[in-house]
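Asker: A single structure is presented below for examination.
The values are calculated or read from the model by the stated rules, or taken from the named source; none is laboratory data. Just so it is clear, the structure is predicted and the values come from calculations on it, not from any experiment. Because the Cβ atoms are built from the backbone with ideal geometry, glycine has one as well, and the counts that use them run over all protein chains shown.
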Amino acid sequence: MIYQNSFADNHNIYETLESIQKDIKTLERAVYSGSIESNNETLSSSSLNNSSEDVLTRHLLKLSEIENQFQQLTNRFEEINFKLDKLSNRLSKVQADNQIRFQDIESAMISNDGTKKISKKTSEDNNTLPGSSEPQDLGSISYKDTETNKTTQEIQSVETTASIVTETFQAEEKILPETTPNKQYEFATSFLKVGDYPTAERAFREFVLSNPEHELAGNAQYWYAETFRIRQLYTDAATAYLEGYQKYPKGEKAPINLLKLGVSMVQIGEKDQGCKMINGVEKQYPNANQSVIQKAKYESKKFECNQNS
């Protein structure tokens, strides 16, 4: 049932993506045709030029909204694929555990049958001492106790214990290769490219802790925060963005880091603080990339932020 829902979600995402692509092509044709028509018109017609500029502006805004929707759908698609892979791995582990359990039960049953036959033969012997059947009873009790403990232990390992032990082990285990920081950064980035965000989270965090003064440390901190945002863990994302803003305020990713921090604050309910950070991007980083400044203006308008905040 879980796979069917996941496949249905994938099908809906593909249909939405195709619809968005058609809209983009239609808008491109409209923009290009508008450009050609404006070149053929007389330059003295100022009213027509203003109208064309308004149409072009609306198209550009529409393209920006479609691009944002496309990015959200892409993130959703990657998240669904990650959940499917995780579910598949879990099912494989459960099947392996069940196979081992069945083998142990079969072995125990065979062993129990053999014990009963030996006990029966011994009881027919007239020279059997009183109480000699007690080892058989104790053996049966031991078998039941072992079976119960084993079942409980397996359930705990699947639902609780394994995850806790694994998390502790992963937190202590280093995954970055013993090489230069640049190679380590490329290694951590490779997990982002394949959509393995939990591993990317660990890799970038390890990079920042191991190379806090490196020129790529600010970038690594930003991508570390992004691994949370993509998974919609906005509280963790806000914490990571804030840490990056405080430690690397002059880094390459500093403007977009501040913008994402503000967006995350709004998404967790801190709208006033978030709007101050979003509106402060252009003030604090006037020389930032224009795409970041335009994105900040768009987010401020979307969240209805007060420009005086």
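Asker: Conditions first: (1) outside any loop (DSSP other than H, G, I, E, B); (2) surrounded by fewer than 17 Cβ atoms within 10 Å (Cβ to Cβ). N279 passes all but one, so which condition is the exception?
Answerer: Evaluating N279 over (1) outside any loop (DSSP other than H, G, I, E, B); (2) surrounded by fewer than 17 Cβ atoms within 10 Å (Cβ to Cβ) leaves (2) as the failure.
Asker: Please work out which residue is farthest from the chain's Cα centre (by Cα), limiting yourself to segment 198-239 and to residues that are crowded, with 21+ Cβ neighbours inside 10 Å and aromatic (F, W, Y).
Answerer: This residue is F207.
Asker: In segment 162-210, how many are modelled with pLDDT of 95 or more, within 26 Å of K83 (Cβ to Cβ) and polar (S, T, N, Q)?
Answerer: Looking only at that region, the number is 3.
Asker: Just to verify a result, which residue in segment 285-301, among those that are without any contact (Cβ under 8 Å) to a residue 24 or more places away in the chain and part of a loop (DSSP other than H, G, I, E, B), is surrounded by the fewest Cβ atoms within 10 Å (Cβ to Cβ)?
Answerer: Residue satisfying both the conditions and the ranking: N287.
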